[in-house]
């Protein structure tokens with residue numbers, strides 16, 4: 001039986017729930033989410049950041065849109081609860097270096113208890129695990145990627161998640177205690193509006209499948225798999241929007257031509273600035 005309000009969301013995932021929570025179904029739900037609902041900041045880049053109320057995110061995902069961690073994990077938690085899963089939200093922190101800085105609040109994490117086991121569940125990392133990981137210390141391989149979970153040193157009772165060298169980030173930490181949606185409101189406001197926020201300064205879209213991470217950062221498309229990473233620039237507006245729709249599964253039906261022009265111009269300006277800074281850096285080293 002499909003819970004009321006979730007039919008469109010589940011259609012997008014291509015999942016018909018069994019009606020009985022299980023680890024097998026939980027894995028299938030996470031795989032489908034990562035493959036069909038992209039991590040993106042389209043609304044933030046247009047100056048219209050969507051709120052993180054899960055009901056809103058569920059409607060947006062049913063309409064083909066994406067979001068970032070507070071949207072993705074928030075809606076997924078609501079879906080899992082509606083399907084009968086025991087879900088807990090946690091305050092987390094994603095870090096650009098291996099040392100980490102504790103759970104600084106820039107990420108939402110889920111843990112799920114099912115079949116007498118607890119799982120680390122996360123559809124909001126962009127290039128995180130394709131399937132849930134058992135919430136116990138260990139090293140886990142999924143396709144070409146290697147992950148490690150260990151008890152956190154900086155967050156007593158919490159956990160540290162390590163990604164391998166192929167990732168866009170090396171470390172994420174999260175607290176052990178349960179969190180509520182309001183615990184993320186302040187950081188969401190900062191990340192979606194502050195000039196120094198990475199979501200405001202640069203466009204990003206991520207989607208992953210069993211063997212590949214697809215990343216569109218600005219106008220650079222990167223695909224990462226067992227062979228490593230390949231990059232190429234996307235030079236035309238038509239190709240860029242085509243990639244978003246076809247490769248990333250992101251519906252653009254809600255964007256009119258004015259929106260598309262504004263988004264392309266913003267992304268292109270940032271891309272040109274990045275090229276100039278890279279050239280200046282290479283000239284300085286020469």
Exercise. Considering only residues that are part of a loop (DSSP other than H, G, I, E, B) and under 19 Å from the mean Cα position of the chain (by Cα), look in the range 103-123 and name the one that is modelled with the lowest pLDDT.
Key: 103
Exercise. Answer yes or no: is there a residue in the range 146-154 that is farther than 24 Å from residue 20 by Cβ, buried (at least 21 other Cβ atoms within 10 Å of the Cβ) and at pLDDT below 95.
Key: no
Practice problem: Could you please tell me which pairs satisfy a Cβ distance under 6 Å, a separation of 6+ or placement on different chains, a first residue in the range 78-101 that is in a helix (DSSP H, G or I), and a second residue that is crowded, with 18+ Cβ neighbours inside 10 Å and at pLDDT 95 or above? | Solution: 78/54; 79/6; 80/87; 81/87; 82/6
Quiz item: If you go through the range 222-243, how many residues are closer than 18 Å to residue 165 by Cα and surrounded by 14 or more Cβ atoms within 10 Å (Cβ to Cβ)?
Solution: 4
Self-check item: Residue among 126, 158, 143 that is touching a strand residue (DSSP E or B) at 6+ places or on another chain (Cβ under 6 Å) and at positive phi
Solution: 126
Exercise. Could you tell me whether the range 184-191 includes any residue that is modelled with pLDDT of 95 or more, in a loop (DSSP other than H, G, I, E, B), under 15 Å from the mean Cα position of the chain (by Cα) and buried (at least 21 other Cβ atoms within 10 Å of the Cβ)?
Key: no
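Residue-by-condition table, conditions (1) more than 9 Å from the chain's Cα centre (by Cα); (2) within 19 Å of residue 259 (Cα to Cα); (3) at pLDDT 95 or above:
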position	(1), (2), (3)
33	yes, no, yes
42	yes, yes, yes
46	yes, yes, yes
49	yes, yes, yes
52	yes, no, yes
55	yes, no, yes
58	yes, no, yes
62	yes, no, yes
69	no, no, yes
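The values are calculated or read from the model by the stated rules, or taken from the named source; none is laboratory data. Small disclaimer: the values here were computed from a predicted structure and weren't measured. A quick note on method: Cβ atoms are made from the backbone with ideal geometry, for glycine too, and the neighbour counts reach across all protein chains shown.
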